[in-house]
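Here's the structure we're looking at; comments come further down.
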Amino acid sequence: MKVLIVIILLMLPAYLEAQISQQHVVSVLEENIVGKKITYKEKYGYTAEFTYLGILKSKTGEIYKVMKVNSLSGLYKDSQRSWGGILVFNRNNLLGYYYVGSELSLPSYIKNNELIFKPSKGCTETTVINFYNGIPASIFILCDKKGGDAWTFYKKNKFD
């Protein structure tokens, strides 16, 4: 069972990349409207919701555009599965992403140069992440005083 879990976790980044169409991402970035959700429905019950959150700046002047994506798949509404991602760009080029388990782990908005994660279903804590020292290698999203979830940044130079 442990081997199966490890294999699944190793495959998740590849699955995320395969599901995100470059055309969809570019159109969201070009609209450049903070907070606007754009939904794309594709065949076989696949739906992707893209939301441009805005920019974060580092102390060295790097500007990062941040977008969240929530993907739903499954033919029937009651059997759909969700996963989420936080995409990070520089000049509309994908630098990488955080794969997160579901839409409940996605950030809510950017305020004062910080990525804000508001409490979601079953959680009580707000998490604030900044990119002041660059893109964090991993982030920890609090749920409550006892714990939360850690997500790794997967570097990517461009869409393949």
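Readers should treat all values here as calculations from the given coordinates under stated rules, not as data from a laboratory. In this text, all values refer to a predicted model and were calculated from it rather than measured experimentally. Cβ placement follows ideal geometry from the backbone for every residue including glycine, while neighbour counts extend to all protein chains displayed.
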Qualifying residue in region 123-139 (condition: touching a helix residue (DSSP H, G or I) at 6+ places or on another chain (Cβ under 9 Å), over 18 Å from LEU53 (Cβ atoms) and not aromatic (Phe, Trp, Tyr)): yes
Residue in region 51-70 that is over 23 Å from LYS156 (Cα atoms) and surrounded by 15 or more Cβ atoms within 10 Å (Cβ to Cβ) present: no
Conditions (1) buried (at least 17 other Cβ atoms within 10 Å of the Cβ); (2) farther than 23 Å from SER58 by Cβ: number failed by GLY122: (1)
Flag for ASN70 being touching a helix residue (DSSP H, G or I) at 6+ places or on another chain (Cβ under 6 Å), within 18 Å of ASN32 (Cβ to Cβ) and not hydroxyl-bearing (Ser, Thr, Tyr): no
Failed item, numbered, when CYS143 is tested on (1) without any contact (Cβ under 8 Å) to a residue 60 or more places away in the chain; (2) surrounded by 17 or more Cβ atoms within 10 Å (Cβ to Cβ); (3) closer than 22 Å to ILE33 by Cα: (3)
1 or more residues of a type in the set (Ser, Thr, Tyr) and closer than 17 Å to PHE117 by Cβ: qualifying strands (runs of 3 or more DSSP E) within region 24-74: 47-57, 63-73
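Looking only at region 110-139, which residues are in a strand (DSSP E or B) and closer than 23 Å to GLY35 by Cα? Before the answer, list the steps.
Kept after step one, since they are in a strand (DSSP E or B), are these residues of region 110-139: 110-111, 114-117, 127-130, 138-139.
Across region 110-139, the qualifying residues are ILE110, LYS111, GLU114, LEU115, ILE116, PHE117, THR127, VAL128, ILE129, ASN130, ILE139.
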